[in-house]
Amino acid sequence: MRFGVGVGNMNGFNDESGPNACIDVAQAAEDLGFDSVWTNDHIVVPTQIESRYPYNDLGEFPAPSTIQCFDPLVVMCALAEATQSVEIGCSVLVIPYRHPAVVAKMLAAADQISGGRIVLGAGVGWMREEFEALGLTEVHYRRRGAVTNEYLRAMREMWTNPGPSSFHGQFVEFHNVGAYPKPVRREDGGTIPIVIGGNGINAWRRASRYGDGYHAAFQ
């Protein structure tokens, strides 16, 4: 059995202590023998949220709109430099929020910095208001599962194709583009592992088709 700990990048650290506190947590976890450290993901938190939060009985998001949300991908790069052995993941990155080429490149860079210790926890998101605040369409929200599946495939293409990458999908398309750097190759020949977050049949299917593991979500 392996154990990980969250670094608290959106648990309310203030502007001055937040980044250093995340690093302190990660280094302490490594010193104590934990196997992995994890960030969380929200880009913005609207002041009014009608969407039901799926991970507690009240259905209410347990954080105010003023909570400090240090970007998970940036924090992961900082943790990659500040630690030596723990795996570094996101629990979970909301895949539909960002263009897959941007995510693929940032994670590949973090993976190079860490020496091959990055893990991508991938989720579809749930907060309609956050999708709207980011300028994403109603179709993008309603079909966020399909968007996630396609974006994960596009990222895999960029990570694994040694030459120019191409992808033709419904939500993203690129042709003959250089996508470098590549992530560090694992001993089994693989690349950045993807663990699929969520609950229910759709998350399980996504994990079996596009993931290397399943990130359970409990109420």
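The values are calculated or read from the model by the stated rules, or taken from the named source; none is laboratory data. Values in this document were obtained by computation on a predicted structure and should not be read as measured data. Glycine also receives a Cβ, built like all others from the backbone with ideal geometry; neighbour counts cover every protein chain displayed.
At-a-glance table
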| item | result |
| --- | --- |
| Looking only at the range 17-45, and only at residues there that are hydrophobic (A, V, I, L, M, F, W, C) and within 20 Å of Val103 (Cα to Cα), the one that is farthest from the chain's Cα centre (by Cα) | Val44 |
| Filter result for the condition that a residue is farther than 30 Å from Pro46 by Cα and of a type in the set (A, V, I, L, M), over Val172, Val177, Val195, Val124 | Val177 |
| Residue in the range 124-135 that is under 30 Å from Arg186 (Cα atoms), touching a residue at least 24 places away in the same chain (Cβ under 8 Å) and not in a helix (DSSP H, G or I) present | yes |
| Of all residues making up the range 168-207, the number that are surrounded by 12 or more Cβ atoms within 10 Å (Cβ to Cβ), within 21 Å of the chain's Cα centre (by Cα) and outside any loop (DSSP other than H, G, I, E, B) | 11 |
| Tally of residues being of a type in the set (Gly, Ala, Ser) and in contact (Cβ under 8 Å) with a residue 40 or more places away in the chain across the range 149-176 | 1 |
| Top-ranked residue of the range 44-103 - restricted to ones that are hydroxyl-bearing (Ser, Thr, Tyr) and touching a strand residue (DSSP E or B) at 6+ places or on another chain (Cβ under 8 Å), ranked as farthest from Trp126 (Cα to Cα) | Thr83 |
| Check on Thr83, surrounded by fewer than 21 Cβ atoms within 10 Å (Cβ to Cβ), modelled with pLDDT of 95 or more and among the hydroxyl-bearing types (Ser, Thr, Tyr) | yes |
| Lone qualifier among Arg205, Arg209 - being farther than 30 Å from Ala63 by Cβ and either touching a Leu at 6+ places or on another chain (Cβ under 6 Å) or basic (Lys, Arg) (or both) | Arg209 |
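Conditions tested, residue by residue: (1) surrounded by fewer than 17 Cβ atoms within 10 Å (Cβ to Cβ); (2) without any contact (Cβ under 8 Å) to a residue 60 or more places away in the chain.
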residue: Ala29; (1), (2): no, yes
residue: Gly33; (1), (2): yes, yes
residue: Asn40; (1), (2): no, yes
residue: Gln48; (1), (2): yes, no
residue: Leu58; (1), (2): yes, yes
residue: Pro62; (1), (2): yes, yes
residue: Val74; (1), (2): yes, yes
